[in-house]
1. Only one residue in A:A77, A:A53 is hydrophobic (A, V, I, L, M, F, W, C) and surrounded by fewer than 22 Cβ atoms within 10 Å (Cβ to Cβ). Which one?
2. Of A:L138, A:L171, which residue is in contact with a helix residue (DSSP H, G or I) (Cβ under 7 Å, 6 or more places away or on another chain) and either assigned to a helix (DSSP H, G or I) or not basic (K, R) (or both)?
3. Output the number of residues of region A:28-47 satisfying the condition of being of a type outside the set (S, T, N, Q) and surrounded by fewer than 16 Cβ atoms within 10 Å (Cβ to Cβ).
4. Restricting to region A:216-241, what's the tally of residues that are more than 20 Å from A:S188 (Cβ to Cβ) and more than 8 Å from every other protein chain (Cβ to nearest Cβ)?
5. Give me a count of the residues in region B:88-119 that are over 18 Å from B:G153 (Cβ atoms) and more than 14 Å from chain A (Cβ to nearest Cβ).
6. With the condition kept exactly as written, say whether any residue in region B:248-264 is on the phi > 0 side of the Ramachandran plot and part of a helix (DSSP H, G or I).
7. Check B:L132 against each of (1) away from every other protein chain (no Cβ under 13 Å); (2) modelled with pLDDT of 95 or more and name the one condition it does not meet.
8. Within region B:145-179, which residues are β-branched (V, I, T), more than 26 Å from B:G217 (Cβ to Cβ) and either at the interface with chain A (Cβ under 8 Å from one of its Cβ atoms) or out of contact with any strand residue (DSSP E or B) (no Cβ under 8 Å at 6 or more places or on another chain) (or both)?
2 protein chains.
Amino acid sequence: MSAAFAAVDWGSSHVRLWLMDAQGEVLAERRSADGMLKAQGKFAAILEDHLSAFGAPEGLPVFACGMVGARQGWVEAPYVAVPTSLDAIFSQAVRVAHDKRPVLILPGLSQGSPADVMRGEETQLAGLVETLQPGAALACLPGTHSKWAELDGERVVGFATFLTGELFAVLREQSILRHSLIDAEPASGPSEPFRAACAEILQDGDLQGRLFGIRAGGLLSGTNANDSAARLSGLLIGAEIFAARQRFAGSNKPVLLVASGTMRALYEAALELAGLQFTHADADLAVRAGLYAAARHYRELWI
Amino acid sequence: MSAAFAAVDWGSSHVRLWLMDAQGEVLAERRSADGMLKAQGKFAAILEDHLSAFGAPEGLPVFACGMVGARQGWVEAPYVAVPTSLDAIFSQAVRVAHDKRPVLILPGLSQGSPADVMRGEETQLAGLVETLQPGAALACLPGTHSKWAELDGERVVGFATFLTGELFAVLREQSILRHSLIDAEPASGPSEPFRAACAEILQDGDLQGRLFGIRAGGLLSGTNANDSAARLSGLLIGAEIFAARQRFAGSNKPVLLVASGTMRALYEAALELAGLQFTHADADLAVRAGLYAAARHYRELWI
């Protein structure tokens with residue numbers, strides 16, 4: 001058993017844990033649906049259950065990031081304000097009072113104006129900067145709440161959140177558009193309606209004026225649910241990129257897309273349509289690299 | 001009893017009926033929650049119940065508009081395509097097979113590109129053009145699905161739908177923003193946070209990049225629910241006006257705002273911030289004036 005520490009990505013709805021060795025290699029992985037919302041009052045027990053399933057020795061230190069550090073989490077890890085070096089999320093980690101082992105929770109980042117916060121993505125960013133070319137980049141982390149962050153070396157200059165994934169879900173399930181969308185199958189990649197919608201909205205960014213057209217297209221032309229959903233996805237992702245391009249217009253930096261699977265394919269198509277240069281990184285690798293960097297910062301805790 | 005006809009505004013969730021005389025004056029009014037969705041298979045019975053409560057004589061003709069003419073309504077009244085004269089919604093009204101009296105349902109309007117539809121608002125527009133100065137106007141009809149229509153005399157040149165009211169509802173109740181919004185009281189008018197949000201988004205129209213800031217403002221600055229809701233309202237109405245201004249940019253026409261109560265106050269404040277000239281009209285008067293014009297078109301049916 002060469003375990004040196006455990007790395008934990010503890011979000012709102014899920015928790016993922018990795019048993020790691022001193023070189024940052026994964027020895028074992030576990031996940032469960034015991035996210036922050038469900039884990040209220042049971043954080044220590046859930047953690048110990050997973051560690052015990054790993055066969056983790058007593059005293060093995062744990063480094064965690066994500067909503068576990070929110071006010072409603074296990075212990076609040078107060079936000080670090082940007083601009084900041086990403087080292088600050090290591091030095092300002094909060095230690096949990098837990099008798100079995102050291103548990104450190106990394107803080108999120110906050111921005112005063114425009115007001116914004118992140119929890120979890122800062123650890124991915126910390127992992128990414130280790131592998132980045134020296135210089136500047138604009139990281140794009142798609143998701144329920146997509147994050148864009150402007151990086152300069154290992155500094156975060158500023159960031160922005162877009163409700164892209166959440167808007168897709170509530171419009172698909174709760175709005176008048178559900179009549180045209182609810183039967184759609186999950187997208188497998190960027191279809192022609194996705195590209196067309198994306199190209200269209202990249203002209204002017206007008207999302208609100210195009211949403212009802214999805215319902216009208218269903219009524220007037222019998223557009224099928226898959227094509228309607230692809231159009232909504234193209235509009236939302238296109239509007240996100242349109243807005244991010246405006247927000248970070250001065251930066252002129254290449255985009256580092258942190259996504260996998262279908263999401264990666266959709267964003268790559270959209271970034272191409274927007275004429276933006278981009279490279280790709282893996283989100284899972286990034287969060288583990290960030291937690292490994294946190295662990296190295298606290299090497300004196302390793303067993 | 002000087003009743004000449006009954007006018008009915010039959011929407012998705014509500015029905016409103018007026019007993020009218022030959023001069024278009026209201027003799028009596030009724031309303032109920034038997035909208036198109038609930039009235040499936042019972043349209044005739046619901047109508048006759050209301051008319052019987054009015055003491056309406058057999059044979060009294062009925063002129064109806066709204067979702068009652070949708071495919072899922074009583075009888076489908078196929079859309080009239082724009083550009084069109086508003087007279088066409090009278091001549092293309094569909095007569096229901098109903099043995100008690102003549103019942104005519106006015107059609108909605110459709111637009112091929114961008115795809116769009118309306119049902120009910122076209123009758124308000126027909127009522128409005130009767131009272132308009134000759135010339136051109138841009139009508140703004142706020143609501144769950146706000147409509148903007150470009151008028152030229154009694155012609156509808158084109159129109160656009162914005163999901164403003166529906167986005168407010170689903171974001172307030174279903175999204176991450178609910179944590180910051182759910183305790184808000186209904187707005188009584190344009191507060192300072194409403195105006196600030198509206199002025200801000202009128203600069204660039206970027207809605208998606210500002211939504212999460214409502215949650216972040218609650219977390220970082222403890223913004224209260226009423227101010228957060230006012231901000232969301234200001235962002236949504238501002239984004240609607242930003243987009244409408246772009247869409248109808250060439251028209252350079254004064255805006256005719258068709259709204260009442262708080263909605264009127266909010267839109268007036270937003271239109272002022274956008275630097276748009278506007279006048280005001282009453283939505284209830286407009287729909288009755290439109291149905292009265294329909295009734296005059298079919299004067300041979302009056303008893």
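1. Numbers: A:A77 fails: surrounded by fewer than 22 Cβ atoms within 10 Å (Cβ to Cβ).
Sole residue among the options that is hydrophobic (A, V, I, L, M, F, W, C) and surrounded by fewer than 22 Cβ atoms within 10 Å (Cβ to Cβ): A:A53.
2. On the way: A:L138 fails: in contact with a helix residue (DSSP H, G or I) (Cβ under 7 Å, 6 or more places away or on another chain).
Selected residue: A:L171, the only one of A:L138, A:L171 that is in contact with a helix residue (DSSP H, G or I) (Cβ under 7 Å, 6 or more places away or on another chain) and either assigned to a helix (DSSP H, G or I) or not basic (K, R) (or both).
3. Taking region A:28-47 and keeping what is of a type outside the set (S, T, N, Q), we get A:28-31, A:33-39, A:41-47.
Then drop every residue that is not surrounded by fewer than 16 Cβ atoms within 10 Å (Cβ to Cβ), which leaves A:28-29, A:31, A:33, A:37-38, A:41-42, A:45.
Residues in region A:28-47 being of a type outside the set (S, T, N, Q) and surrounded by fewer than 16 Cβ atoms within 10 Å (Cβ to Cβ): 9 in total.
4. Here is the first cut: in region A:216-241, the ones more than 20 Å from A:S188 (Cβ to Cβ) are A:216-222, A:239-241.
Filter again for more than 8 Å from every other protein chain (Cβ to nearest Cβ), leaving A:218, A:222, A:241.
Number satisfying all stated conditions: 3.
5. Residues of region B:88-119 over 18 Å from B:G153 (Cβ atoms): B:92-108, B:110-119.
Those left that are additionally more than 14 Å from chain A (Cβ to nearest Cβ): B:92-106.
Counting residues in region B:88-119 that are over 18 Å from B:G153 (Cβ atoms) and more than 14 Å from chain A (Cβ to nearest Cβ) gives 15.
6. Yes, some residue in region B:248-264 is on the phi > 0 side of the Ramachandran plot and part of a helix (DSSP H, G or I).
7. Here B:L132 meets the rest and fails (2).
8. Taking region B:145-179 first, the residues β-branched (V, I, T) are B:156-157, B:161, B:164, B:170, B:176.
Subsequent filtering for residues that are more than 26 Å from B:G217 (Cβ to Cβ) retains B:156-157, B:161.
Scanning region B:145-179 gives a single hit, B:T161.
The values are calculated or read from the model by the stated rules, or taken from the named source; none is laboratory data. None of these values were measured; they are calculated from a predicted model. Here Cβ is always computed from backbone atoms with ideal geometry, including for glycine, and neighbour counts include all displayed protein chains.
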